[in-house]
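The values are calculated or read from the model by the stated rules, or taken from the named source; none is laboratory data. A quick note: this is a predicted structure, and the numbers were derived from the prediction, not measured. Cβ: placed from backbone, ideal geometry, glycine included. Neighbour counts: every protein chain shown.
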Amino acid sequence: MKIKRIAIVGGGTAGWLAANHLGLELGLDPDIDITLIESEDVPIIGVGEGTVPLIRESLEKFGIDEVELIADCDTTFKHGIKFVDWLDPHKHGQGNSYYHPFSPAFPNGFDVTPFMLANRERLKFSDVGPGVAPCEAQRCPKKISSPPYKGELAYAYHVNALKFAQLLAKNAKEKFAVRHLLATIVGATQQANGAIAGLVLKSGETIEFDFFVDCSGFASVLAGGALEVPFIDKSHQLLTNTALVQQVPTQESDEIPPFTKATAHGAGWIWDIPVTNRRGTGFVYSNHHMSDQLAADTFASYLGISSSAFAPRKIPMTIGYRKDFWAKNCVSLGLAQGFVEPLEATSIFLTDISAALFAANFPRFTDDIDVLKGHCNEVVAYWWERTIDFIQLHYHISDRTDSQFWLDNANSTPVSDTLANRLARWKLSSPKRSDFFSSFDLFDATSYSYILYGMKYNTRAVLLSREQAQESAEQLGMVKQRSDQLVAEMPGHREWLTKLNAAMKQMRR
C-alpha cells in the first residue's frame with residue numbers, strides 16, 4: 001500500500017521542522033498529504049533557544065529568508081559557547097573561561113595542536129581559530145553586505161523558541177501546503193500488527209493516517225505510549241536532572257554577546273542566551289547534590305534578583321532516548337525521542353538531522369518500512385550515544401573538586417567504551433580527523449580539541465622539528481592577523497541587529 005497520509009503529532013520547533021523537511025522532500029508527489037495536529041492545551045517547552053551552524057543549511061533549503069528569521073524571531077548571532085568556571089577556581093582563578101568557537105581548530109588544514117601543547121603555559125588553545133577575539137569584542141559575524149546565510153565567521157543563532165516555531169509553521173503551510181489542525185489527542189487506535197491506525201481526539205473523533213511522526217514532547221504519546229518503545233535512561237552518565245528557567249528583560253542600550261554563556265556551579269551549570277530583548281537563562285542541577293532551595297537561591301544570586309521575588313519555572317529532566325527512533329509506522333522527534341541537557345545546543349541539532357534523515361528515507365509504500373527503519377534506528381542511536389559522550393566529556397575531565405557533584409562526575413560516573421578509549425588515546429596524542437572514521441560523528445576533532453584543551457587535558461607533548469614549529473607559528477600568526485582584522489572591521493553585534501530591524505520596520509510600513 002502506498003503511504004499517502006502523514007500525521008505530525010505536536011507543533012513546536014520539532015513538529016514544524018519535521019513538517020518542513022517532509023514537505024521539502026515529498027512536495028513533488030501529489031498523493032502526499034501532511035497534517036500537523038497541535039493541541040491548544042499543551043504549552044511549548046520553549047527553552048532550547050540555541051542552535052548550531054548546521055541549522056543554516058536547513059533553513060536555506062526550506063526557502064526561509066534569513067532577514068525574516070532575524071527580524072521576526074528576536075534572533076541574535078552565536079559564534080560559539082563561552083564556558084566559565086568549568087575548571088577549579090582555586091587553581092585557575094574565579095571566572096576562569098575558555099571558548100568552544102565554531103571556527104575550525106586546524107587553520108588552513110594544518111594541525112597546530114602539537115605546537116600549542118608544547119607551549120600550553122603561554123597559549124590559549126581557542127586562539128587556533130579567529131573567532132574568540134570578535135566574540136569578546138561583541139562583533140557581528142556578518143557585514144551589512146554579507147549574502148544570506150553567509151558571514152565572515154561561522155555562526156548559528158539564538159532565537160525566541162515560540163516565534164521560531166511560528167516562522168517554521170508559516171513556511172511549511174505556505175510553501176509545502178502542510179495542513180494545520182488544532183485538536184487534543186487523547187489516544188490512538190492500532191492495527192492487528194501493532195502499528196498505529198488512527199488518532200483519537202478529545203472530541204471523540206478518530207482520524208486515520210498511514211504514517212505518524214511523534215513530536216508530542218515529554219508525553220511521547222505515540223512512541224512511548226501506544227507503541228511502548230523502551231526508554232534508554234542515561235542518568236547514570238549525566239547526573240543533572242532538574243532545570244530552573246527564567247527570562248530576564250534587557251534594555252536596547254545593552255550589548256548583546258554573540259555567544260552562549262555556560263557558567264558552572266557546585267552541582268551543574270547555568271545557561272545564559274541573549275536574544276534581542278531579553279536573556280533566556282536556565283539553572284541546570286542535580287537535586288541529589290543540591291537542594292531545590294539552594295538551587296533557587298544560587299540562581300537568583302547569579303541573576304541579581306531577590307530570592308523572595310524570584311519565581312522560575314521548574315523542569316524535571318530525564319536524560320536518555322527512545323531505543324527505536326522508528327517503530328512500526330511511527331518515528332519520534334524532539335523531546336518525544338529523547339532529552340539531553342542543552343549544554344551544546346544539541347536538542348534542535350538532533351531534531352533537525354533526525355528529521356532530515358527520516359525525510360530522505362521516507363517509505364513510499366508500507367513494505368518499505370522494514371527495509372528502511374533498521375538503518376535509521378542505527379544511525380540515530382549512534383548520534384545519541386556520541387552526543388551523550390560529548391556532553392559528559394565536559395564534566396568528566398574537569399579538575400573541580402569543590403563539591404561531591406564534581407567528584408562524582410570525575411570518579412564515579414561511568415563513561416561509554418568509545419569515550420574511555422578515545423580519552424586514553426588522547427592522553428598519548430591529540431585528536432586527529434582519523435579518530436572519527438564514521439561520517440555520522442556529530443562532534444569531530446575540532447570540537448573535542450576545543451573542550452579538551454580549553455579544560456587543560458594533559459596530552460603527552462611530542463617533539464617538534466624546527467620546520468613544524470615554524471609552520472605552526474606562521475599559521476597562528478595568520479590566525480591572529482585575521483582575528484585582529486575582524487575585530488577592527490566587523491560591525492558591533494547590537495549595532496548590526498538594530499540597523500537591520502529598523503530597516504525591516506521601515507520597509508513593512
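Filtering the stretch 181-218 to residues that are modelled with pLDDT under 95, more than 31 Å from the chain's Cα centre (by Cα) and polar (S, T, N, Q) leaves only S203.
Among A311, A243, which is the only one that is under 28 Å from G11 (Cα atoms) and free of Cβ contacts under 8 Å to residues at least 12 places away in the same chain? Break it down stepwise before answering.
Numbers: A243 fails: free of Cβ contacts under 8 Å to residues at least 12 places away in the same chain.
Going through A311, A243 in turn, just one is under 28 Å from G11 (Cα atoms) and free of Cβ contacts under 8 Å to residues at least 12 places away in the same chain: A311.
So, of the residues in the stretch 489-509 that are among the small types (G, A, S) and under 19 Å from E255 (Cβ atoms), which turns out to be surrounded by the most Cβ atoms within 10 Å (Cβ to Cβ)? Result: G492. Within the stretch 208-256, if we keep just the residues that are in a loop (DSSP other than H, G, I, E, B) and of a type in the set (S, T, Y), the residue that is surrounded by the most Cβ atoms within 10 Å (Cβ to Cβ) turns out to be S216.
Applying the criterion of being without any contact (Cβ under 8 Å) to a residue 60 or more places away in the chain and crowded, with 17+ Cβ neighbours inside 10 Å to the residues of the stretch 407-430, the residue that is nearest to the chain's Cα centre (by Cα) is L419.
Quick check on D389: is it assigned to a helix (DSSP H, G or I), touching a residue at least 60 places away in the same chain (Cβ under 8 Å), within 27 Å of Y453 (Cβ to Cβ) and not hydrophobic (A, V, I, L, M, F, W, C)? Can you show your working first?
On the way: assigned to a helix (DSSP H, G or I): yes; touching a residue at least 60 places away in the same chain (Cβ under 8 Å): no; within 27 Å of Y453 (Cβ to Cβ): yes; not hydrophobic (A, V, I, L, M, F, W, C): yes.
Here the answer is no, as D389 does not meet what is asked.
Selection of the stretch 90-139 for residues being more than 24 Å from the chain's Cα centre (by Cα) and polar (S, T, N, Q) yields Q94, N108, T113, N119.
Among the residues of the stretch 1-44, the ones that are assigned to a loop (DSSP other than H, G, I, E, B), of a type in the set (D, E, K, R) and more than 24 Å from D370 (Cα to Cα) come to 2 in all. In summary, helices (runs of 4 or more DSSP H) completely within the stretch 408-506 and bearing 3 or more residues that are in contact with a His (Cβ under 9 Å, 6 or more places away or on another chain) occur at 445-454. In this structure, A327 does not satisfy being of a type in the set (A, V, I, L, M), surrounded by 17 or more Cβ atoms within 10 Å (Cβ to Cβ) and free of Cβ contacts under 8 Å to residues at least 12 places away in the same chain.
For residues in the stretch 376-404 being over 23 Å from the mean Cα position of the chain (by Cα) and surrounded by fewer than 18 Cβ atoms within 10 Å (Cβ to Cβ), which is nearest to D324 (Cα to Cα)? Break it down stepwise before answering.
Pass one, the stretch 376-404, residues over 23 Å from the mean Cα position of the chain (by Cα): 399-404.
Narrowing the set further to residues that are surrounded by fewer than 18 Cβ atoms within 10 Å (Cβ to Cβ) leaves 399, 401-404.
Values: D399: 36, T401: 38, D402: 39, S403: 36, Q404: 34 Å.
For the stretch 376-404, the residue satisfying everything is Q404.
Check whether at least one residue in the stretch 136-144 is buried (at least 23 other Cβ atoms within 10 Å of the Cβ) and more than 23 Å from R278 (Cα to Cα), and report yes or no.
Keep residues of the stretch 136-144 that are buried (at least 23 other Cβ atoms within 10 Å of the Cβ), which gives 139-142.
The next check asks that each one be more than 23 Å from R278 (Cα to Cα); those that pass are none.
Checked against the condition, which is being buried (at least 23 other Cβ atoms within 10 Å of the Cβ) and more than 23 Å from R278 (Cα to Cα), the stretch 136-144 yields no hits at all.
Filtering the stretch 452-488 down to residues that are acidic (D, E) and in contact (Cβ under 8 Å) with a residue 24 or more places away in the chain, which residue is surrounded by the fewest Cβ atoms within 10 Å (Cβ to Cβ)? Ranking the qualifying residues of the stretch 452-488, first place goes to D484. Six or more apart or on different chains, Cβ atoms under 6 Å: show the pairs whose first residue is in the stretch 205-216 and over 13 Å from L333 (Cβ atoms) and in contact (Cβ under 8 Å) with a residue 40 or more places away in the chain and whose second is of a type in the set (D, E, K, R) and surrounded by fewer than 24 Cβ atoms within 10 Å (Cβ to Cβ). Close Cβ pairs satisfying both conditions: F209/R5; D210/K4; D210/R5.
Every listed requirement among (1) small (G, A, S); (2) surrounded by fewer than 24 Cβ atoms within 10 Å (Cβ to Cβ); (3) in contact with a strand residue (DSSP E or B) (Cβ under 9 Å, 6 or more places away or on another chain) is met by G12 save one, (2).
Would you check if A197 is hydrophobic (A, V, I, L, M, F, W, C) and free of Cβ contacts under 8 Å to residues at least 60 places away in the same chain? The answer is yes for A197.
Tell me, please, whether a residue that is within 30 Å of Q190 (Cβ to Cβ), of a type in the set (A, V, I, L, M) and crowded, with 17+ Cβ neighbours inside 10 Å can be found in the stretch 341-354. Checking the stretch 341-354: at least one residue is within 30 Å of Q190 (Cβ to Cβ), of a type in the set (A, V, I, L, M) and crowded, with 17+ Cβ neighbours inside 10 Å. List the pairs whose first member sits in the stretch 172-190 and is closer than 20 Å to I64 by Cβ, whose second member is of a type in the set (S, T, N, Q) and surrounded by 15 or more Cβ atoms within 10 Å (Cβ to Cβ), and whose Cβ atoms are under 7 Å apart, counting only residues at least 6 apart or on separate chains? Listed by first residue and then by second, the contacts come to A172/N20; F176/N20; R179/T35.
Out of M290, M317, which single residue is of a type in the set (A, V, I, L, M, F, W, C) and either over 18 Å from the mean Cα position of the chain (by Cα) or crowded, with 22+ Cβ neighbours inside 10 Å (or both)?
M290
Against the condition of a type in the set (K, R) and farther than 26 Å from K142 by Cα, how does K480 come out, does it pass? The answer is no for K480.
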